[in-house]
Amino acid sequence: MYNDEVFGVLYAAKEPSKEQSEKLKNFLFTKYGKEVFLEWIEDETVTDGFRLEVGTDVYDWTNAGRLEQFKEMIKAVGKKAKKDIIPLIKENVKDWSPSGAPVEFGVVTSIGDGIATVSGLKSATYGEILLFSDGIRGMVLDLRENEIGCILFDDTDEIREGSRVTRTGRSAGIPVGNAFLGRVINPLGLPIDGKGDIEAEDYRAIESPAPGIIERQPVNRPMETGILCIDSMFPIGRGQRELIIGDRQTGKTAIALDTIVNQKGKDVVCIYVAIGQKASLISQMVTNLKKHGAMDYTIIVNASASDAAPIQYIAPYSGCSLAEFFMHQGRDVLIVYDDLSKHAIAYRALSLLLDRSPGREAYPGDVFYLHSRLLERAAHLSDELGGGSITALPIVETQAGDVSAYIPTNIISITDGQIFLESELFFEGQRPAVNVGLSVSRVGGDAQTKAMKKSSGSLRLDLAQYREMEVFTQFSSDLDESTQKQLTYGQGLMYLLRQQQYKPYTQHEQVILLTVASNKYFMDIPVKNINEEMRKLLEFFELHHPEVCSEIDSTGLLDDGDKETLLRYAFEFKEANHA
């Protein structure tokens with residue numbers, strides 16, 4: 001189309017008759033409100049109809065074009081079907097006729113580094129899937145006045161400048177369903193574990209709006225990690241977003257995996273999104289989760305370090321779409337994003353290739369929105385919507401403990417608290433290496449049972465005081481007796497919080513250990529023997545007083561009378577064991 005004149009090109013093996021030309025001109029006049037100048041070009045490949053192009057609009061009236069329309073109609077019927085699909089198909093096929101709607105197409109103007117620039121698709125929308133030659137898929141990520149920027153998900157060798165691109169009208173999405181449990185998939189929803197195809201129940205867009213305020217309810221149910229120091233001082237609730245942050249190799253992933261293992265038997269779906277990790281590490285992780293019986297309720301979405309930046313970019317959104325499928329069924333979901341630092345780096349690479357202006361630390365200005373629109377989708381839905389929840393554990397890697405860097409500060413401001421892991425504590429043998437002073441949960445006691453809240457008491461304050469006084473341990477010979485006792489007590493608490501990986505505590509074990517520790521049970525026990533003492537004490541309760549354990553687990557309560565009984569049993573055991 002040029003100015004006010006409209007030109008069309010008709011591709012067909014034979015020149016249209018005068019009657020056919022008149023029909024086409026009348027059709028085009030109705031569509032565009034003016035006369036269209038029509039040119040016929042002989043095309044021997046178009047023998048079963050014809051193809052009409054007007055500007056960027058394509059009217060494909062070949063058998064292949066009609067078949068494509070028919071396929072789209074069947075897909076639309078399938079999405080609407082709730083039960084038996086056969087009657088619906090029969091009804092729609094009976095009344096179906098090919099549409100006169102145009103198929104918009106564009107042309108690739110440049111290609112490279114997983115990015116294609118396309119002109120001509122004036123109606124394309126952000127996040128829409130485009131179809132390139134040989135079935136290669138891409139997603140619109142940049143909208144400009146005369147062209148669009150598109151990221152590519154498949155091998156780009158077949159795409160050249162001048163290649164044709166067509167719109168699909170569909171947003172980028174992922175197949176979802178219960179059959180994905182126990183599987184390892186890529187961010188496109190394709191299985192990569194060698195166990196065959198996965199039968200999908202639905203298709204969800206990877207980008208969707210977060211639930212509104214009215215659709216949510218308060219976070220008030222615990223999502224137990226089984227890690228003593230976290231459940232006691234920085235509790236996580238179902239629907240919360242708790243950041244795990246720290247330097248490389250400080251145990252961030254270990255905390256996430258322990259939390260997944262601890263959900264066994266609790267009807268929680270776990271989704272682990274790996275972004276930029278080595279494939280060998282993911283393989284080892286799958287083996288460990290299988291060993292502890294956790295893969296049965298876990299889905300791993302893997303965008304490995306060898307995958308292109310577009311695949312790493314969509315990974316967390318794909319994982320969140322899977323999580324939303326289960327949440328809207330009324331189920332509780334735990335999702336781990338490991339890690340969002342690498343996700344931001346992948347997005348930075350795409351943005352720079354799309355010629356967006358770099359800002360602080362070379363990240364584009366919208367990198368905050370990148371993670372906020374992802375993490376806001378974590379929620380505890382209202383009872384009217386089924387009461388399901390998504391609990392998000394994003395992981396962020398820091399450099400030399402610098403939490404003031406751009407990405408860490410962004411995500412700290414989005415989340416409901418953070419668990420900060422300190423390298424110094426890690427190398428001292430404190431595992432998990434949680435820094436009590438910098439870690440926080442903004443949900444707090446609302447996500448704890450009453451028994452846990454009562455037993456944890458002043459634990460955090462006692463540890464903070466110990467860390468302040470620890471500097472004086474080198475002068476211990478000059479300290480007064482009360483200070484030495486306080487240091488010994490604090491040291492015992494630090495050893496109490498040491499925990500092996502894949503060994504999560506149950507609620508009654510945590511309550512018993514915290515209750516006895518806060519009453520100076522471990523004061524006169526050498527620190528090297530504390531772990532053994534803890535093990536023996538828990539065995540004693542489970543063998544001789546199982547009613548105490550079951551009462552705590554079933555009710556989540558610990559009144560003053562129960563606490564006195566628990567302490568009496570514990571100190572009787574200690575007296576007998578150390579007589």
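Computed from the Cβ-Cβ distance with R0 of 22 Å, the FRET efficiency linking Leu438 to Ser458 stands at 0.70.
For the stretch 148-161, 3J(HN,Hα) computed residue by residue from phi via the Karplus equation (6.51, -1.76, 1.60; θ = phi - 60°) reads 10, x, 10, 8, 10, 9, 10, 4, 9, 4, 7, 8, 10, 4 Hz, glycine and proline entered as x.
Relative contact order, whole percent, for the chain stands at 12, derived from Cα pairs under 8 Å and 6 or more residues apart. Volume per residue of the convex hull around the Cα atoms, evaluated for the stretch 327-475, comes out as 152 Å³.
The stretch 255-370 gives an Rg/Rh value of 1.04, both radii derived from C-alpha positions and Rh following Kirkwood. The trypsin sites (Lys or Arg not before Pro) found in the stretch 187-238 that occupy coil by DSSP, while having at most 11 further C-beta atoms within 10 Å, are Lys195. The Cα-based radius of gyration of the stretch 412-533, divided by its Kirkwood radius, gives an Rg/Rh of 0.96. Taking all protein chains together and rolling a 1.4 Å probe, Met223 ends up with roughly 0 Å² accessible. If the chain linking Arg144 and Asp193 were pulled fully straight, counting 0.36 nm for each residue of separation and taking away their Cα-Cα distance, it would gain 13.7 nm. Please work out the C-alpha center-to-center distance from the stretch 544-574 to the stretch 306-373 and express it in whole Å. The two parts, judged by their Cα centres, are 46 Å apart. Peptides 488-501, 24-37, ordered by how many other C-beta atoms sit within 10 Å of their residues on average, highest first, read 488-501, 24-37. For the pair Ala200 and Asp383, a Förster radius of 25 Å applied to the C-beta separation gives a FRET efficiency near 0.30, rounded to the nearest 0.05. The label point for Ser554 and the one for Glu481, both projected 7 Å from the Cα toward the Cβ, are 4.6 nm apart.
Atom-type composition of the exposed protein surface of the chain places 51 percent of the accessible area on carbon and sulfur (1.4 angstrom probe). Once the stretch 315-381 is represented by equal point scatterers at the alpha-carbon sites, with solvent omitted, what log10 I(q)/I(0) does the Debye formula produce at q = 0.13, 0.17, 0.20 Å⁻¹? With no solvent term, the Cα-only Debye profile gives -0.44, -0.66, -0.81.
Sorted largest first, the spans of the alpha carbon positions of the chain along the three principal axes are 111, 53, 42 Å.
For the chain, the membrane-span-like helix rule (DSSP H, alpha carbon extent of at least 27 Å along the helix axis, mean Kyte-Doolittle at least 0.5) picks out 309-327; this says nothing about an actual membrane. Counted over the chain, the DSSP beta bridges are approximately 55% antiparallel. Projecting the Cα atoms of Ala116, His292, Leu10 onto the charge dipole of the chain, computed from C-beta unit charges around the Cα centre, puts His292 farthest toward the positive end. Between Ile213 and Leu131, what's the calculated FRET efficiency when r is the beta-carbon distance and R0 is 56 Å? Round to 0.05. Efficiency, from the Cβ-Cβ distance: 0.90. Contact order, relative form, for the stretch 349-460: 15 percent (alpha carbon pairs under 8 Å, 6 or more residues apart, mean separation divided by residue count).
The values are calculated or read from the model by the stated rules, or taken from the named source; none is laboratory data. Just so it is clear, the structure is predicted and the values come from calculations on it, not from any experiment. Cβ atoms come from the backbone with ideal geometry, glycine included; neighbour counts cover every protein chain shown. Note: areas computed on protein heavy atoms with side chains; ligands, DNA, RNA excluded. Shrake-Rupley method; radii C 1.70, N 1.55, O 1.52, S 1.80 Å.
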